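The next block holds one structure in the form of structure tokens; read it before the comments.
Where a number appears in this text, it was derived from the coordinates with a stated rule and is not lab data. The shown structure was predicted, so the numbers you read here are calculated from the model rather than taken from an experiment. Here the Cβ positions follow ideal geometry from the backbone for every residue, glycine too, while neighbour counts run over all protein chains shown.
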Amino acid sequence: MSRTEIEKDNSKSVNAKVEAALKRALTKIGMMAETYAKMLCPVDTGLLRNSITFALDGETANKTTYTNDEGTVTGTYEGTAPEETGTQMTLYVGTNVQYAPYQELGHHTVKGKWIPPQAFLKPAMENHQKEYEQVIKAETRNI
């Protein structure tokens, strides 16, 4: 090996491969988490369940509209996920349906009755950490 081959800076190429692998992994994890959240989501009209989606930082949501169970388009996603600064990539899983926080966290009614939470987003992320780690390992294995 010549001295110039040893001194060659490959950091840009390696960084690009790492970034591409992480983006693939986070996209797969987003699809998995979206599925798990939909499985856990309480359903009345289907609006909340059908609105769950994911986005990577600085990108638009995985889908742009959502429907109720009758197929009527009931909402759209506008804008993009917040763009993180620095070197970290971020995955957002959620919904923009107005009553989602009440389902996820619980709430009091107007008469003061406590309605317990029926969490679907947090468990979708927390209960499958090992699976998500395996996806990251598989995508970064050959870098």
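A few remarks follow.
- Computed E for residue 90/residue 131 - FRET, C-beta separation, R0 25 angstrom, nearest 0.05: 0.85
- Charge dipole of the chain (Cα centre as origin; +1 on each Lys and Arg Cβ, -1 on each Asp and Glu Cβ, all else neutral): 300 debye, rounded to the nearest 20.
- Options (1) 41, 31, 31; (2) 78, 29, 26; (3) 55, 28, 26 - which one matches Cα extents along the principal axes in Å as calculated here: (2)
- Set of aspartates and glutamates near residue 23 by C-alpha distance (under 15 Å), chain-local residues within fewer than 8 positions excluded: 57, 59, 83, 84, 133, 139
- Amide H to amide H, with H built 1.01 Å from N, residue 67 comes under 5 Å of 74, counting only residues 5 or more places away or on other chains.
- Axis of helix 11-40 versus longest Cα principal axis of the chain: the two differ by about 20°, to the nearest ten degrees.
- Counting only DSSP H runs of at least 4 residues, each contributing -39500 (n - 2.57), and dividing by the residue count of the chain, the helix-based mean residue ellipticity at 222 nm comes to -13500 deg cm²/dmol.
- When the GluC sites (Glu not before Pro) in region 73-143 are filtered for DSSP coil states and for at most 11 other beta-carbon atoms within 10 Å of their beta-carbon, the remaining sites are 78, 83.
- Additional length obtainable on full extension of the chain from residue 57 to residue 122, 0.36 nm per residue less Cα span: 21.5 nm
- Arranged from fewest to most other beta-carbon atoms within 10 Å of their beta carbon, 9, 69 become 9, 69.
- In this structure, residue 17 and residue 64 have a Cβ-Cβ separation that, at R0 = 35 Å, corresponds to a calculated FRET efficiency of about 0.70.
- Longest segment of the chain lacking trypsin sites (Lys or Arg not before Pro) that sit in a DSSP loop with at most 11 other Cβ atoms within 10 Å: 9-110
- When each of 12/130; 17/63; 8/130; 28/111; 38/137; 38/111 is checked by Cα-Cα distance, pairs over 32 Å: 8/130; 28/111
- Tensor-based shape of region 63-112 (alpha-carbon gyration tensor, a/c under 1.5 rounded, otherwise prolate or oblate): oblate
- Rounded tilt (10° steps) of 129-140 against the dominant C-alpha axis of the chain: 30
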